[in-house]
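In what follows, a structure is listed as C-alpha cells, so that the remarks can point back to it.
Throughout, read-outs are computed from the coordinates displayed, never taken from laboratory work. Because the structure is predicted, anything quoted here is derived from the model rather than measured. Note that each Cβ is placed from the backbone with ideal geometry, even for glycine, and that neighbours are counted across all protein chains shown.
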Amino acid sequence: MVRKFTKLKVIPLGGLNEIGKNMTAIEYKDEIIVIDCGLSFPEDEMLGIDIVIPDITYLLKNRDKVKGIFLTHGHEDHIGALPYVLKKLNVPVYGTKLTIGLVEVKLKEHKLNNVKLNRVKPKDKIKLNFMEVEFIKTTHSIPDACSIAIHTEIGTIFHTGDFKVDYTPIDEDVMDFHRIAELGKKGVLLMLADSTNVERAGYAMSERTVGSSLDEIFRNAKRRIVVATFASNIHRVQQIINAAYKYNRKVAVSGRSMVNVVNVAKDLGYLTLPEDILIDLNEINDYSHDELVIITTGSQGEPMSALSRMASSEHKKMEIEKGDLVVISATPIPGNEKTVSKVINQLFEKGAEVIYDDLADIHVSGHACQEELKLMHRLVKPKYFMPVHGEYRHLKQHAELAVSLGMPKENIFTVTTGCVVEFDRNSARLGGYVPSGNILVDGLGVGDVGNIVLRDRKHLSEDGLMVVVVTIAKENGKVIAGPDIISRGFVYVRESEDLIEKAKVVVREALTECENKQIREWAYLKNTIKDELKNYLYERTKRNPMILPIIMEV
Ligand SMILES: [Zn+2]
Ligand SMILES: [Zn+2]
C-alpha cells in the first residue's frame, strides 16, 4: 500500500504583485510557520493611511497551528507589521541578532513586552514536530540577513529572502554558498526567490565599491558634508564613518530612524566606531564646517524626514548652507522620484552642491540582478519555483529567467497573494485561495478604514464639502429656520456669496415643493435637497462637492 502524506502548503500572504508587506505561510500537518511579517507604504489613493499590513485572517483562524514567525532580515517590508500582527497573534519570533534588535525597538514603541523573541545564528535549526527551520547566511543591504530552508518529510523548501551576491561584504560575512549548494545537491522541492532586480542585467556591485566613491568625495570636500541614506544600511553608514575618520571629520546623526538604528547597531556590535567620532547634532556649531559629516534620513525625499526639513529650513538644529556638500547615497524607490527631485531642487536653491545617483557611484542595490539570480537557480536547482518579492512584471520575468535555465513552465507558480500551492513528493498544484489583501492602518485604527471611508476621503479631497442645515416645524413641516449653508474646500465663501445665496433659494424651493406634496419623510427630503443642489452646483461650477443635509425638527 502506498503511504499517503498530507499536503505541504505554501500560502503567500503578501509580497506578490507589490513591493512590500512580505509574508508567507507554510503549512504541514497541524503546523504553520510564517516567514516575514512586513508592511508596505500606502499608495496615493489611500488617503490619510499611515501603513498597510497583510490580512492574517487565515492565520487567526488556524491560530493553534501557528508555531512562529521566522524573519529573514530587519527591513520594514519584512518586520514592519510585527507589532500589529503580534497584538492579535502572539507567537514566538525568530531572527538573527540584529533583526531581533530592530524588532525590539519596534515592540517597545508599541509597548508590547510579552513577546517571545528568539535570537538565532546562521546554521541554526529550529525543530518543530513536522518541520525543521534552518537559517542560512546570505548578503543584502542590511547585515545579518538570512535565507530560510524548511525541511519536511515531503521535501525541502528554500526561501532566498532578499539577497544579492556580494563576494566582498563589508563585514566579510559572505553568503553560505556551501550550504546552499549542499541543499541543491540533496534536492530542493521548491524555491521562493527575490525578484526585485530581475529586470537588471549583470551583477549588483559590491557594497565595497561605494566606499571608494565616498573616499574620493570626502578627500576633495572643502566644507560640511551631509550624507543621506537608508537608516538600515548599516554597512553604508559604516563606510561613511570610515571615510569621515580618515579625513578627520566628526559624525553627527540626524533623523529618528537613523538614530535608532545607529544605536542598536552600535550596542550589538554591528558598527565599529573610532573613539569620540560621534557627536550630538546639538554640538555641530562647536566645529568648523570642514570637520563635520552629518548622516541623515530622507534619501527618498520623505516630506517629514530630516533631509527635507534641512532643505526647507524647518529643521530645528541645522539648515543647509551655501557650500554644503550633500550626497544622496540611495536611488529613489519607484514612486519616490518626484519627492526626491523636489528635495534635490531645494538643496541646489540653498546653494548646496548635490551628488546623487545619476552623477556618481554612490549607491549599489541590495537585490540580485539577473546573473546572481541565475547562480542561485543553478545552485539550488529546485524542482518547483515560485518567484516572490516583486510586482507582477518582476515575477513574470523571473519565471521567464527560470525557463531560460531549463525549468519546465508547469513547474513554475507565478501566483497572487492568498493563492495556496499544494505539494506532495511528486507533484504540485494550486489549491484554492485564503483571505488576503490590504489591511489599512490609520493612527490607532487597524482595518477600520475600508473602501467606503477611502471613497469619501477621495471625494472630500477632490471637491470639498457643503453642509445644509434646515429646521422644520413638527406640526406642519414648514421651514422655520435656514437653510444655512456651510462649506469647506469647495469655494471661498466670501467671494462666492451670490452662489451660496442662490443655493439657499434652490434648497428652499425644493422644500416648498415637498411641503406642497405633503411629503414629510426625512430620507426623501434629504435626497431631494441633495439632488437639486447637486444639479445646481454642477451647472454653476462644474464641481461636485459632497452634500450633507441636516434636518432638525422642533
Ligand atoms: Zn530587504
Ligand atoms: Zn524586501
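What is the dipole size for the chain, taken about its Cα centre, with +1 at each Lys and Arg Cβ and -1 at each Asp and Glu Cβ, in debye to the nearest 20? Walk me through the intermediate numbers first.
Working: 73 positive and 77 negative charges, 349 e Å.
The dipole of the chain has a size of about 1680 debye.
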Q) Where does the charge balance sit around Arg119 when Lys and Arg score +1, Asp and Glu -1, over other residues with C-beta under 13 Å from its C-beta? A) 0
Q) Over all distinct alpha-carbon pairs, what is the Kirkwood Rh of the chain in angstrom? A) 26.7
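Cβ under 13 Å from Tyr433's Cβ, Tyr433 left aside: what net charge do those residues give with Lys, Arg +1 and Asp, Glu -1?
Numbers: positive: Lys9; negative: Asp55, Glu422.
Charge balance in the 13 Å sphere: -1.
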**Q.** Estimated vicinal HN-Hα couplings, Hz - segment 365-381 in sequence order (Karplus 6.51, -1.76, 1.60; Gly, Pro = x)
**A.** 7, x, 10, 5, 8, 3, 5, 5, 5, 4, 4, 4, 4, 5, 5, 7, 5
Q. Which net charge results for the neighbourhood of Pro387, defined as the other residues with beta-carbon distances under 9 angstrom from its beta-carbon, given Lys and Arg at +1 and Asp and Glu at -1?
A. 0
Q | Under 5 Å, built H, 5+ apart or other chain: amide partners of Ile480 | A | Thr471, Ile472, Ala473
Q) Summing -39500 (n - 2.57) over the DSSP H runs of n ≥ 4 in the chain and dividing by its residue number, what mean residue ellipticity at 222 nm do you reach, to the nearest 500 deg cm²/dmol? A) -9500 deg cm²/dmol
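According to the Cα gyration tensor, what semi-axes, each the square root of 5 times an eigenvalue, does the equivalent ellipsoid of segment 105-213 have, listed from largest to smallest in whole Å? It would help to have the intermediate numbers written out before the result.
Values: eigenvalues 133, 102, 34 Å².
They are 26, 23, 13 Å, listed largest first.
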Q | Principal-axis tilt of helix 208-220 within the chain, Cα atoms, nearest 10 degrees | A | 70
Q) Counting other Cβ atoms within 10 Å of each Cβ, which trypsin sites (Lys or Arg not before Pro) in segment 190-269 have at most 11 and sit in a DSSP loop? A) Lys222
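Do any of Lys97/Lys383; Lys29/Lys108; Lys478/Lys526; Lys88/Lys123; Lys7/Lys164; Lys88/Lys108 go past 25 Å between their Cα atoms, and which?
On the way: Lys97/Lys383 32 Å; Lys29/Lys108 34 Å; Lys478/Lys526 15 Å; Lys88/Lys123 30 Å; Lys7/Lys164 32 Å; Lys88/Lys108 16 Å.
The pairs that break the limit, which is 25 Å between Cα atoms, are Lys97/Lys383; Lys29/Lys108; Lys88/Lys123; Lys7/Lys164.
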Q | Helix 337-349 vs. the chain, principal-axis angle (Cα, 0 to 90°, nearest 10) | A | 90
